[in-house]
1. Could you please put B:His13, B:His611, B:His633, B:His800 in sequence from largest to smallest accessible area, using a 1.4 Å probe?
2. Suppose we look only past 20 Å in the calculated P(r) of the stretch B:65-157. What percent of the Cα-Cα pairs does that tail hold?
3. If the reach is capped at under 25 angstrom between alpha carbons, list the lysines near B:Lys434, excluding any in the same chain fewer than eight residues apart.
4. Counting DSSP beta bridges in chain B, what percent are antiparallel, to the nearest 5?
5. Please compute the net charge surrounding B:Val226, taking Lys and Arg as +1 and Asp and Glu as -1 over other residues with Cβ under 13 Å from its Cβ.
6. Ballpark to the nearest 100 Å², how much total accessible area do B and A bury together, probe 1.4 Å?
7. Keeping all protein chains in position, work out how much accessible area B:Trp412 exposes to a 1.4 Å probe, and write it in Å² to the nearest 10.
8. Name the long-range amide H neighbours of B:Arg311: under 5 Å, sequence gap of 5 or more, or other chain; modelled H, no Pro or chain starts.
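The values are calculated or read from the model by the stated rules, or taken from the named source; none is laboratory data. Quick caveat: nothing in here was measured; it's all calculated off a predicted structure. FYI the Cβ positions are ideal-geometry reconstructions off the backbone, even for glycines, and counts take in every protein chain you see. SASA here: full protein model, heavy atoms, side chains in, ligands and nucleic acids out. Shrake-Rupley method; radii C 1.70, N 1.55, O 1.52, S 1.80 Å.
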Amino acid sequence: MKVIIFLAITAVLTAAGFLVAFIWATRNGQFDDTYTPSIRMLFDSEKEDPNQEKEVRP
Amino acid sequence: MISSTETPVKCYHCGDDCPDESILSEDKHFCCQGCRTVYEILEENNLCTYYDLNQNAGVSLKSGDHKGKFDYLDQAEIVTQLLDYQSDTVSKITLYIPAVHCSSCVWLLENFHKIKKGVVSSRLNFLKKELSLSFDNRQVSLKEIAGLLTTLGYEPQISLQSREKSTVKNNVQRNLILRIGVVGFCTGNIMLMSFPEYFHLDLQNKVDSTYQGFFLYFNFILALPVFFYGASDYFKSAWISIREYFKNTDSVFSVDIPIALGITALFGRSVYETFANHSAGYYDSLAGLVFFLLTGRWIQQVTYNYLSFERNYKSYFPLAVKTLRDQKEQFINVSQLEKGDIILIHHQELIPADAILSSGKGLIDYSFVSGETDPQSRRPGDLIYAGGRQKGGQLQLVVQKPVSQSYLTQLWNNQAFKEEKVMPTTELANAFSKYFTVITLLIATITGIYWYINNPEVMLNSVTAVLMVACPCALTLSMPFTMGTTMGIFGRNKFYVKNQGVIQLLNEIDGIVFDKTGTLTRNNSEKIIFKGKPLTENEKNLVAHLCSASAHPLSQMIARDLGQQEKLTTDYFKETEGQGIEGRIDGHLIRLGKRGFIEVPDLDPLVRHTHSYLSIDGMLCGCFVAEPVFRPHWQKVIKKLSRSFKLFLLSGDNDAEKDKLQPCFDQHAVRFHQTPQDKLDFIRQKQEENMHILMIGDGLNDAGALRQSHVGIAISEDVKVFTPACDAILDASVFDRLNDFLGFSKTAINIVKASFILSLVYNFIGIGWAVSGQLSPVMAAIFMPLSSISVVLFATGLTHLFAWLKGFYRIPASDANLRSL
């Protein structure tokens, strides 16, 4: 049954990983502007030049 | 692509109607050359996705003429003041761009590097309308960037205030979010780890007791960041409050003291239990408590990002002005202007300091300072006050006073601007805690003494339990949640308050001071009334034709009002500056102008409004009068308000409207010819009579009064564009609901009081258990969050209920899209 202790520690460490990600995101300023990204994500990514695309595909 | 052939043709770029179909690029029509230029730039750079995202997304460029506008950005020292960061190769800058309005704007501005070589990256904050640019300063200059942005219709607004960077607020907010995140993480895990304890582990059993020990120490470790990091602010402010109290600078213990005591008691007791008794502590209660407190704090600081409540004259004044020093034209920062400097002002430029006109014909528009629409003409030798905008040719002026000492700007040197307004964000809570803290400490002491005499073993337990339970968590939460909800409801109804404290301040108001121009009357809209014998259709036509030839605002207004039907022939036209206009149209001599320019019998009563007499073929026909248009229902609003408040009116204008206004106000409550300083002094004088004044105004001339008053509300037709520094912004369309807003702020305070009482009831129940020494960790873990959550639900629920009852939910469907912003 010692495995529960192991599991508990693993679980908390996993969560701690996300906590670190959260801290990084906050420091990085990702929560400074929570509105613009909602617009930004709707833009299509760059349209590839059609000629280039043909070259890639044999 | 789409090319509409129906009439009228819409501009492909901005969607305005095209005057004709002459401006073309490929198959697309444009309303002006500016729009076509933008299209061509975008086309050339393969950026036409701009038009796919939103049709006719562009900003109209008809009024744009920016040639030479950004010349001052050639000077390195001025540019350096604007930059956020600068190295040998890369510069970073944040520009405020008011024209940003849709997703296409975001897309184009973030693809700016494709248009301009040398721009490394650009990022837009949509709500704040701020574009963060970094660019290679060897390849491109700030002047080129600003120029190109303006060509595209996104003119950056660079003002004297652009120099003052504010990064502080961001950091405070980030810090709080970090704390909430960390404490939230700990709270969740501690709760999970505490579960086995609640289900009564059998300590005789070896397996169970291993688990119990493990979970206990694990919780202890998780509680460390909660106590030392999450709650540290409460200890600091509690300590400050105690220090202030003993220095006699503050007579009240702040509500943070019982909070800090409660947190300390929870933590201390838990550590003691863990290490001395090996039994469960109150870690879950502790973490939950701190988490709730921080959430409340976060709600409290929520504000409208896209509105600015802090603008002063610096937001409107230019950063630099062209001067003539040592026979050389150069730009200098306006704050460095000195007496005797010669400055050059072009068409549409703002005069930054009080100065004497030395050459040029001045036609100064003060509408932005005083709301007066009529430009005033000035001759060489006249003193021109700062804040006016030149319309017409170039002027040369000699500066008389530095910018900060000028007639308009010295208002900001007033004491009122030097000290922060007292915000009673926690005043009500503090009033409670004045007794609360003392009573809590008293109960704790009595409990301690009682148990010391009767059963010393229980003493420590019961004293700490009292402190824990008495922690006024629910009490401190009810305020931010009620006020936050109220703020949201106000915002949806187009009344934007700066922060939660303003709602409390609104509650104490007993006198209201109105400004006239732009507040009771509508801004920039005047009604033309013709006094005299009614004109025939033909005469109207003649006058309209004459007026349309003049650039004077009043002529333009008359022309618009009369409307022009057919084209007529003009043989002769002459405009006498500041006097009037005359012309021979279709054989008739038409003259329009002031008394003196046109012969008017002395018997005629004086007209106080902006006006112009008309004579046709030497015969006086009558007079055009521009009367301000009052806001709809203004009399009803005043009447309603006068039932519960003392009302005053301060107008910077003349007393032309006296007869209309006097009946609505008390005698002596209406004053005309008030300077900005007079308005400020009037409010101060009323405050010294112990009145709490609400000031409602709109222009920069009200700025001093808005600041001096307890609550300053700026009224605005477009809340995102122009507002002087204030505590709240009221959209002009909801002016008639002012009374409802004031009434609801009272309701909100009552709701807070009701939830205070509810949380006190909880505290008494808790203390009842605590003094008898019965509070177990499980009970605390259930009781404390439950009381907090129920108080929050009670407060927000009641606020919504009352808002619904008072009709704040009846929002016209057309405004629904505004909410998304």
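1. Sorted by accessible area, descending: B:His633, B:His800, B:His611, B:His13.
2. Result: 29 percent of Cα pairs exceed 20 Å.
3. Within the straight-line cut-off, B:Lys434 pairs with B:Lys236, B:Lys247, B:Lys421, B:Lys746, B:Lys753.
4. In chain B, approximately 80 percent of DSSP beta bridges are antiparallel ones.
5. -1
6. Working: alone 38670 and 6060 Å², together 42290 Å².
The summed interface area works out to 2400 Å².
7. 30 Å²
8. Amide H neighbours of B:Arg311, under 5 Å, 5+ apart: B:Ala725, B:Cys726.
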